[in-house]
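Just so it is clear, none of the values below were taken in a lab; they were calculated from the coordinates. Source: prediction; values computed, not measured. Cβ: placed from backbone, ideal geometry, glycine included. Neighbour counts: every protein chain shown.
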Ligand code: F58
């Protein structure tokens with residue numbers, strides 16, 4: 001089945017006109033950009049419906065296993081361009097719109113980003129959904145339909161200011177509301193025993209209502225569903241109060257219920273201990289599991305078959321209540337015995353870990369858990385008791401410790417497979433945070449190195465490079481990314497190297513134009529574009545990059561006639577609103593940018609750009625235009641990274657540490673094509689043993705001393721000279737992520753990068769080798785790994 005068989009340009013043109021007229025109620029002569037976008041989106045959506053229905057039919061017929069991906073975050077980005085790419089409709093739609101005098105790019109950019117995620121974890125979930133559809137793996141994504149996604153970032157005098165995001169202000173043409181698919185989600189109250197059964201009398205309830213979005217795979221051969229839950233009140237407004245004139249009080253129950261799906265938590269550091277967050281986690285988990293059981297029971301009547309038909313992936317610990325909730329539903333609603341319920345739950349569930357940073361490992365106080373989810377607290381205690389007695393484990397492996405429920409341990413104990421997201425991360429899981437659990441549940445931990453979808457991240461975002469690839473190695477690489485290895489045979493072909501260089505330059509010119517329009521800066525597209533885009537976090541070490549920028553600036557000023565390689569330093573990223581150190585780093589980058597960009601001495605050789613509100617769409621612009629990808633986290637801290645993979649596929653070279661998936665990227669592209677610096681994860685551990693590591697490193701580095709001196713003197717904050725004294729003090733006395741200890745190695749490596757860039761042809765050769773080695777990092781490979789090693793599911797292609 002192929003959605004594209006009967007899509008002629010003429011039929012699509014007719015469809016768009018019909019939607020404009022009958023769905024939007026607009027005449028062409030009065031249609032706005034919004035109207036055109038909606039008409040095009042509905043028309044493209046129409047074409048997805050057939051493979052979507054067909055996929056559902058096939059799945060029912062095959063009686064196969066379904067995958068359920070539970071995630072509090074899906075960082076999808078814009079949908080129209082991606083859907084047109086998958087369906088091969090890009091050129092057709094462009095021509096249709098051209099005839100109407102409308103620009104396709106304007107239409108695409110009119111769509112708000114669906115920003116239902118914070119960063120890598122949420123974007124990974126979106127790439128996985130797309131790959132599961134491309135591979136015809138029967139699957140559902142389950143998430144929350146946040147009314148407000150990740151906050152919009154703006155800068156005021158260089159500081160981050162958060163504004164609410166509003167993607168649902170306009171109708172979402174990609175969703176289908178399913179009022180009939182609705183579940184009651186209970187909270188609070190108390191539990192009573194009756195006839196040997198536990199009965200939970202909830203004090204609060206809300207409805208979870210389904211909103212479905214089709215997710216179409218490459219070439220429209222299959223489409224899965226992303227089912228997002230919206231919270232709705234179980235009681236409508238209070239008519240008596242309304243009639244008495246107290247309108248606010250009358251609407252209170254509705255407002256209260258809806259807060260559950262109102263906003264995405266913007267914390268990517270520590271879990272905030274908010275009751276609302278716990279309720280959101282339970283809301284998603286319970287709605288998803290009730291839906292899974294309903295679907296299963298519509299086809300089968302023996303619940304012991306559940307693990308043969310259902311594989312559930314918990315994306316981090318956020319949906320880790322799935323263990324106790326599935327047991328609760330099987331026992332309290334479906335009447336199973338404890339042993340059976342627990343065995344079935346364990347057979348269905350799997351857990352992916354995305355971080356080893358201790359402050360990001362979720363815990364909930366037993367007091368809060370017991371108050372919000374009294375029945376789950378009982379179940380957790382029983383799981384814990386059995387876990388401890390069966391494994392005879394040390395007390396520090398208990399699920400409940402010091403009156404806190406450790407969600408990582410709960411997820412681990414209730415999962416058939418626990419996976420890390422890169423080879424290094426998985427090794428470190430076994431050696432550090434999960435060493436004890438790995439001992440008592442051996443072979444439960446496995447690795448699945450992350451990947452990204454080449455459809456969005458190369459084909460859609462980088463048409464220039466895509467054409468070079470297809471011209472050189474033939475069509476079809478988009479769904480078989482290992483084919484990029486064929487590029488290697490063309491390394492000696494001057495024309496191919498030139499074409500890769502020309503595609504990059506084209507993208508850099510496009511980015512320069514955009515920066516010109518947006519920020520009024522004029523960039524030199526012949527300079528090296530050096531890019532660090534990701535959440536702002538101390539361990540990601542944006543600070544080290546800024547320090548290097550300052551060192552470069554001083555060095556150029558000292559010798560303006562020197563043989564410098566011109567660079568544009570580009571930063572992008574948001575800080576969690578409550579993460580003050582990260583917000584200071586943002587302020588600092590902006591202050592440094594202001595100082596450097598106003599210096600006529602260095603103007604042609606160094607520019608610093610930090611566009612506000614980095615998001616998926618901005619990444620799609622920046623990555624294809626990047627020469628140098630900054631992946632410079634402290635070794636052992638970045639679980640994987642996925643941006644690093646996107647850059648490599650787009651022919652950027654990486655400067656990076658041996659952290660996360662950088663290790664595997666370097667192996668695949670070849671060590672000689674990767675700029676490596678810094679300590680290894682093991683050396684990092686040793687370094688932490690040196691109590692004054694920062695002071696020692698600074699005293700050994702004249703460049704770093706000079707930089708810190710300039711900052712302390714207020715060179716970058718002339719109106720508030722003391723602004724960065726705390727930052728300088730923290731560097732000398734704390735430096736928790738070893739910026740100082742790695743700095744000289746980084747500086748030397750950057751000098752090597754400068755030299756390499758002066759030979760443009762050789763640089764293009766290195767870029768070619770990076771692209772050729774990037775096939776492994778397709779999320780299709782990752783999903784095949786999950787299907788084989790975790791889910792035991794088959795493709796229905
Ligand atoms: C990221 N985690 C990892 N967490 O940092 C990154 O190395 C990895 O590539 C990626 O997951 C995918 O595996 C991440 O993005 C979050 O954003 C959480 C949001 C909710 C609170 C805790 C952090």
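Laid out as a table, the results:
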quantity	calculated
The chain: relative contact order as a whole-number percent, Cα under 8 Å and 6+ apart	13
Estimated 222 nm signal from helices in the chain, with DSSP H stretches of n ≥ 4 weighted -39500 (n - 2.57), rounded to 500	-14000 deg cm²/dmol
Sequence of 281, 100 once ranked by neighbouring C-beta atoms within 10 Å, starting from the fewest	100, 281
Hull volume in cubic angstrom per residue (convex hull over the Cα atoms of region 123-278)	224
Spin-label pair residue 621/residue 795, simplified geometry with 7 Å Cα→Cβ offset, distance in nm	3.6
Rounded tilt (10° steps) of 580-597 against the dominant C-alpha axis of the chain	30
Cut-off 17 Å (backbone N to label point 7 Å along Cα→Cβ of residue 177), residues of region 103-141	none
Degrees separating the helix 275-299 axis from the principal Cα axis of the chain, which is the longest one	60
Taking region 518-759 and dividing mean pair separation by its residue count, relative contact order in percent (alpha carbons under 8 Å, at least six apart)	20
Rh (Kirkwood; distinct C-alpha pairs) - region 108-147, Å	11.7
Residues in region 516-545 reached by a label modelled at residue 692 [backbone nitrogen below 18 Å; 7 Å Cα→Cβ]	none
Relative contact order (percent, whole number), region 131-236, Cα cutoff 8 Å, 6+ residue spacing	33
Residue 274 versus residue 733: modelled label distance in nm, points set 7 Å from Cα along the beta carbon direction	3.2
Separation of alpha-carbon centers, region 587-632 and region 727-746, rounded to whole Å	22
Chain lengthening between residue 389 and residue 267 when straightened (0.36 nm per residue, less Cα-Cα)	40.3 nm
Descending semi-axes in whole angstrom, ellipsoid equivalent of the chain, from the Cα gyration tensor	42, 34, 27
Simple label model, 7 Å out from Cα along Cβ direction - residue 294 to residue 10, nm	4.4
Region 392-409 versus region 20-86: alpha-carbon centroid distance in Å	44
Efficiency of FRET between residue 105 and residue 56 - r from beta-carbon atoms, R0 45 angstrom, step 0.05	0.85
Distance cut-off 19 Å, percentage of C-alpha pairs in region 488-557 lying past it	59
Two-site FRET efficiency, residue 758 against residue 368, from Cβ-Cβ distance with R₀ of 56 Å, rounded to 0.05	0.40
10 Å binning of all Cα-Cα separations within region 518-759, expressed as whole percents from 0 upward	7, 33, 40, 19, 1
Helix axis angle, 338-348 relative to the chain longest principal axis, alpha carbon, degrees	30
Förster-model FRET efficiency, 30 Å R0, residue 539 and residue 721, C-beta, rounded to 0.05	0.55
Antiparallel bridge percentage (DSSP; both residues within the chain; nearest 5)	45
